[in-house]
Structures are given as structure tokens and as C-alpha cells.
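For reference, the structure is listed below as C-alpha cells.
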Amino acid sequence: MLEIKDLHASINGKEILKGINLTIRDGEVHALMGQNGAGKSTLSNVLVGHPAYEVTKGSIIFNGKDLLEMSPEDRAHEGIFLSFQHPVEIPGVSMVNFMRAAVNEQRKYKGQPALTASEFLKLMREKRAIVELDGKLANRSVNEGFSGGEKKRNEIFQMAMLEPTFAILDETDSGLDVDALRIVAEGFNKLRTPQTSAMVITHYQRLLDYLKPDIVHVLLNGRIVKTGGPDLAQKIESRGFDWIKQEVNG
Amino acid sequence: MNSEKQYIELFEQCGEMIAKHSASAMNTLRAKAFEDFQRLGFPTRKDEAYKYTDVSKSFAPDYGLNLNRLDIPVNPYDAFKCDVPNMSTSLYFMVNDTFYVKEEQRHLPEGVILCSLKEAAEKYSEIVCRHYGKLADTSTDGVVALNTMLAQDGLFLYVPKGSVVDKPIQLVNILRADVNFMVNRRVLIVLEDGAQARLLMCDHAMDKVDFLATQVVEAFVGTGATLDLYELEETTTATHRFSHLYVHQEADSNVLLGGITLHNGLTRNTTHVTLAGRGAHIDLSGMVIADKHQHVDNHTFIDHRVSDCTSSELFKYVLDDSATGAFAGKVLVREGAQRTASEQTNRNLCVTREARMYTQPQLEIYADDVKCSHGATVGQLDENALFYMRQRGISEREARLLLMFAFVGDVVDRIRLDALRDRLHLLVEKRFRGEMGKCQGCTMCK
């Protein structure tokens, strides 16, 4: 599904990613762990084409297509979804208008007719239930006045609406209490199919207990320095990152 | 005094003809206005109030006038389709400065007068004399002086004490001419105590010639009276509009003014509100969407003369391409105007680097027990919001449109006429999509 080769990227001239190699196959969930500043969010931003980041070297192939050649919106149409670490508030743009524009542009890209108003509202109702998102929130402006937990729930709701094949969860667990975490994680699991893959960025084991990653990577200073099974995440939870640093440096 | 010369000569030569085709209530002010105009000339950019608009440049070209009041071969009722349908308005037309009405269209409450100003000045000269020119001071502004000197007709609306005009009144102003043309129009609105009326004035330009339109609106709002006055401009890039709107409010009156510039050439709107009676409230809002080389300058002045009045002002501009916008808003709280509550906000979006916005909020307070705020911002579209939307698959163009649309949404929401508000949301969207080179649904402009 996703093949990243020797990826180098910088922001404001500063190199953050220094040669990432990563392959994610259909249906796999990969966890990406690492300390602040290791490059986790940079990698997710580069994958979705954030204009502030410059790719200086390397390639990303997504389902056989050169991702780096595509606009952010086309990457979304191809099935890539980022659950933002800090979802943006957009005053004055209602959730309904926002999602209708997103869903219909995706349908246009796929050559499908736009949904009628009633079809769309029905879809909104169905998908809202997955993350138990209050109907009142759906009638408000995008993320405006949402609590931290509501914003994250709203991200998964949008994912449900857009049905991506590859989802990136960037610290979706941050700012969530135990109940909200469960709802978000269970919501995500309901959306999974044998074809959907995901990259989960997190500092904590808690989210991974729900999502059960197949593979865990540790990112250090712009490179993946260690890859293992779910047990690697547990080891990091109990021992931190220092032992990995020592391994790398020693 | 170059641009002024042709108008001075015009008045010297045609003063009699102007008066002959007007009414005495309007004629009595001409000599004084002429004197004032000769003394003042056009305001220059050195005048603080006209810093951002070059008036002389607009008035310098040679425009035709219809001082002899020749009939204009057009029947607006047949040719014009309303831009704000389903509003169930009482629809009236003004072609240049000539008021059109079909007899069967008259279904106003008893005592309410809506007619040509010239007709009113003859039939109801006492009411007109008591109000005409009483707010629009010719001695301080050359454009007002010029309008007073040349204007021959316009609209008169009178609502007697306690009378309520339920149906909104829609006046469609159409500029119509075969040569470059100048129009000088007057509107006089008198709402007596407790009266209520809602008026929507739409400005259109029908022909592909240069238009120069001056307009002076005077509105007297009596004790406890309510007036909603909306102005919607959808003219051409070859139209220059100079409008002066004066509102005088008595105690406990409630006035809403909404000015919308959807499409224009050069626009200068001066709004002057006097809160003269305790408990008066003014809600003043403006929305401007401009692109190409369009220019929109709003100059507002709210005078809190007495205590316990409230004013709320919101102006928003979206400037694209090389458009320029200006907003100068002054709120004066006079000595003794205690417990005044006033808020003023001006927020602006410059979509390109070439777009320019000049904003000048001003508060002058001579009372100590007041609650006043003002604020102005000029910014660009939120890049984070744009990217967030693009990540969801919304194209950059569409995302920009959604953000611009959202930006002006709260100004449109201030409109208290549901049908107009809904229609405006649609018109604004069309405007942003570039689908409105001309007005919508208007067969005359096609």
C-alpha cells in the first residue's frame, strides 16, 4: 500500500527527516513511537502534503502512484486521511457544509454523482453514531468551541464519512480521558476493513492496547532506529527510550 | 478648481431649467448649496474625511444629465426581474432619479406616503420643507452641496405616527443611459413616533456607459420608531457612486442600517447617525466584496448626543485582486452621554498581496460612565484552516471560497429580513465564485 524510501524532509531549511524507509501493507497497523522532536509529526505532514515541508530526497509510492506529485486534496481523494494532532477551528464554516464539500469532492474525483441533501444527512447521522458524536456538534462550526476530546472524536467522525484506505492518527489519544479514548479507539476499529491500513503516532501504550498494532517503529532524530512487534511498545512504556538511544549510539 | 468649473458653469446656465423641473421645497436650497459648492469645491485627499478617495477624478469627466426631464423609454416593471424574489415586497423603481409606480401596486396602510420626492414637495410641501436638507449640511461637504444644487427628484417615504408598514418596501434604482451619465438623487424618509418601516434599496447600472451617481438620503426616525434600511449595490465597474446617508434618531428609536457592496466600480458611502433621544439604538453594518480594481470607501460617524443610547457597528471587507478598501468609523460620545454602550468592529481580508485596505477606527469620549470598544484587523485567510480542508479533499479554490463565505457570514446574519438574508447568502456565494459579473436575474443588465 505505502512504500517510503530514503525520505528526507525539512522545514524552514532545517532537515528533520533524514532517511526514512517504511513499508506498510494492506490491512496493517503500524505504530510510530519516539520522543518529541524525533520527526513523527513531520512524517505525517509530509505524507499529506503540507506545503510548509519540503521533501529534499527520496520517494513515497502509494498504491503504485507517486504521492509526492499529488496535491493534498488528491492525496485525500486517493484515500489518505490524517487525524490531526491539533484539529483546526474554522469559525463560520458549519460541519455540515464542510463535510458535504469534502464528501462530494471525493465523489466527483471517483466519478460518482454528488449526494442529495437527504442522502448526505442520513450518512451524517449514521457515521455520527460510530463515535457517539452529539448532533448539536454537527450543526456547529468546524471544531469551534469543541473540547479537546470532542475535537478528536470529530476527527474520527470525519474519517468515518470519508472512508480512507490509509489513516494516520497523530497523537489522537492526547487530551482524551479514559472513556473518550475508548470511544475513539473503538470507533476507529469499527471502521477498519481487511484493506485499510493505519499509522498510529503515540507516546502511550494505552491507545495501542485498543488498536493492536502489527508492527512498532521507533523514530529517533529523523530515522527509524528500531522496529519490532507489539512487545516493543510495551517495553518502551515500562523502560522509556534511553535504552534504544544507547543501543543506537553504542 | 478644475473639476468644479463645469458644474459651476452648468448651474449658472441651467439653474432655471433645473428649478423649473423640480419643486419649490427643493429649489429653496439651491442658491445656498451653489454658494457652498463654489466655496468648498470637491473635497481633496488632504481632507481627513476623503483621504482614501479621489473625488475630483470621478467628477472630472464630462457626463450627460437629464435636467430637462425627458422621458426615458423604459418600463422597469416589464424589463426588470427582482434580485431578491420571494420577499413579497412592495416593489418600486427609480430609473435614474425618476420614481415609477403602478397604481395597482399601492397597498400601503392609510396615511403612509410613498411617492416621488418632487410630487411630495408639491403636495405635502409642509412636511417636506420641515425635513428636506435639514440633516444634509451643504456647508461642510462639496459633494452634498453639489447634490443639493442639482437634484430634481427622488423618493419620499412618510409613515405617520404609530403606523406600521408590514411589507418591506423594495426600491430598485436603475441607472439607464446611452451616453456617460450623471444622476443626482435624493431620498427623504420620515417616520413619525412609533412608526415602523423596512426599506431595501438596490442599485443597478443597466448600460455599458460610465455612470456617476450622487445620492443623499435623509431619514428622520421619531420616538419609539423602527427603521430597517438596507442598501445593496450591484453596479458595474464603470459606475461611480457617492452616497450620503443621514439618520436622525429620537428617543427609544431602533434603526438598522445594512450596506452591502456586492459589485461596483468606485463607491464612497458616508453614513452619519445622530442619536438625539435617550434610549435610541443603531445597528450599523456593512459588507464589501471587491476585486479587479474596485474601490469601496465607507465613512461612518455615530454621534451619541444624549445618555443611554447604544450603537453596534460591524464592517467586513473581502478584497481580491487589486481592489482597495477604506473604512473610517468615528464614534463620538458627547459630554453628558452617560451609560452609552458602543461597539465598533472592522475586520478585513486581503486575499492577494495587491489588495489594499485602509482602516481607521476612532473613538472620542467626553463622558465617564460609558462602555465603548472598537477594533480593526486586516488579515489573510487562515493557512492552517485551508490545509485542514484540503486534507479532507476540498480543493484549494473551494476551501478559499468556504473561508471567505464564512468570513462575511455574520454580517449577512445581521439582516432582519429572512428572505433577503437567505438570498444574500446565495448572492455572496455566487459573487465569490465569480458568477456575478452583473446582477442576478436582472434582465435589464443583460
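The helices (runs of 4 or more DSSP H) located wholly in the stretch A:138-250 that include 3 or more residues which are touching a Gly at 6+ places or on another chain (Cβ under 9 Å) occupy A:148-162, A:178-191.
Selection within the stretch A:1-49: residues that are among the basic types (Lys, Arg) and under 18 Å from the mean Cα position of the chain (by Cα). The member of this set that is farthest from A:PRO72 (Cα to Cα) is A:ARG25.
Would it be correct to say that B:ARG278 is basic (Lys, Arg) and either over 16 Å from the mean Cα position of the chain (by Cα) or under 30 Å from B:GLY224 (Cα atoms) (or both)? Against the criterion (basic (Lys, Arg) and either over 16 Å from the mean Cα position of the chain (by Cα) or under 30 Å from B:GLY224 (Cα atoms) (or both)), B:ARG278 qualifies.
Figure legend. Inter-residue proximity from the stretch B:401-423: first residues away from chain A (no Cβ under 11 Å), second residues assigned to a helix (DSSP H, G or I), beta-carbon distance below 7 Å, spacing 6+ or different chains. Indicated pairs: B:ILE415/B:ARG421; B:ILE415/B:LEU424; B:ARG421/B:VAL412.
When the stretch B:380-394 is filtered for residues that are within 13 Å of chain A (Cβ to nearest Cβ) and touching a residue at least 24 places away in the same chain (Cβ under 8 Å), only B:LEU381 remains.
When B:GLY336 is tested against (1) within 18 Å of B:ASP291 (Cβ to Cβ); (2) touching a Phe, Trp or Tyr at 6+ places or on another chain (Cβ under 9 Å); (3) surrounded by fewer than 22 Cβ atoms within 10 Å (Cβ to Cβ), exactly one condition is not met: (1).
So that you can scan it fast, the table gives a plain yes or no per residue for (1) away from chain B (no Cβ under 14 Å); (2) farther than 30 Å from A:LYS245 by Cβ; (3) among the β-branched types (Val, Ile, Thr); (4) assigned to a strand (DSSP E or B):
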{"position": "A:GLU15", "(1), (2), (3), (4)": "yes, no, no, yes"}
{"position": "A:GLY19", "(1), (2), (3), (4)": "yes, no, no, yes"}
{"position": "A:GLY27", "(1), (2), (3), (4)": "yes, yes, no, no"}
{"position": "A:SER44", "(1), (2), (3), (4)": "no, no, no, no"}
{"position": "A:GLY58", "(1), (2), (3), (4)": "yes, no, no, yes"}
{"position": "A:GLU73", "(1), (2), (3), (4)": "no, yes, no, no"}
{"position": "A:HIS86", "(1), (2), (3), (4)": "no, no, no, no"}
{"position": "A:PRO91", "(1), (2), (3), (4)": "no, yes, no, yes"}
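For the stretch A:94-111, the criterion of being assigned to a loop (DSSP other than H, G, I, E, B) and either out of contact with any helix residue (DSSP H, G or I) (no Cβ under 8 Å at 6 or more places or on another chain) or without any contact (Cβ under 8 Å) to a residue 60 or more places away in the chain (or both) is met by at least one residue.
For the stretch A:196-208, does any single residue satisfy the condition of being free of Cβ contacts under 8 Å to residues at least 40 places away in the same chain, under 21 Å from A:GLY39 (Cα atoms) and touching a strand residue (DSSP E or B) at 6+ places or on another chain (Cβ under 6 Å)? No. If the condition is being in a loop (DSSP other than H, G, I, E, B) and surrounded by fewer than 21 Cβ atoms within 10 Å (Cβ to Cβ), then the stretch B:19-40 contributes B:HIS21, B:THR28, B:LEU29. Taking first residues from the stretch A:224-237 that are modelled with pLDDT under 95 and partners that are assigned to a loop (DSSP other than H, G, I, E, B), the Cβ contacts under 8 Å between residues at least 6 apart in sequence or on separate chains come to A:GLY229/A:ASP214; A:PRO230/A:LYS212; A:PRO230/A:PRO213; A:PRO230/A:ASP214; A:ALA233/A:PRO213; A:GLU237/A:TYR204.
Taking strands (runs of 3 or more DSSP E) as the structural unit, those lying wholly within the stretch B:112-212 and holding at least 2 residues that are touching a residue at least 40 places away in the same chain (Cβ under 8 Å), of a type outside the set (S, T, N, Q) and crowded, with 21+ Cβ neighbours inside 10 Å correspond to B:153-159, B:169-175, B:181-191, B:196-205. Is at least one residue of the stretch B:357-376 in contact with a His (Cβ under 7 Å, 6 or more places away or on another chain) and more than 14 Å from chain A (Cβ to nearest Cβ)? Yes, that holds for at least one residue.
The values are calculated or read from the model by the stated rules, or taken from the named source; none is laboratory data. Computed from a prediction, not measured in an experiment: that's the story for all the values here. Note that we place each Cβ from the backbone using ideal geometry, even for glycine, and neighbour counts take in every protein chain shown.
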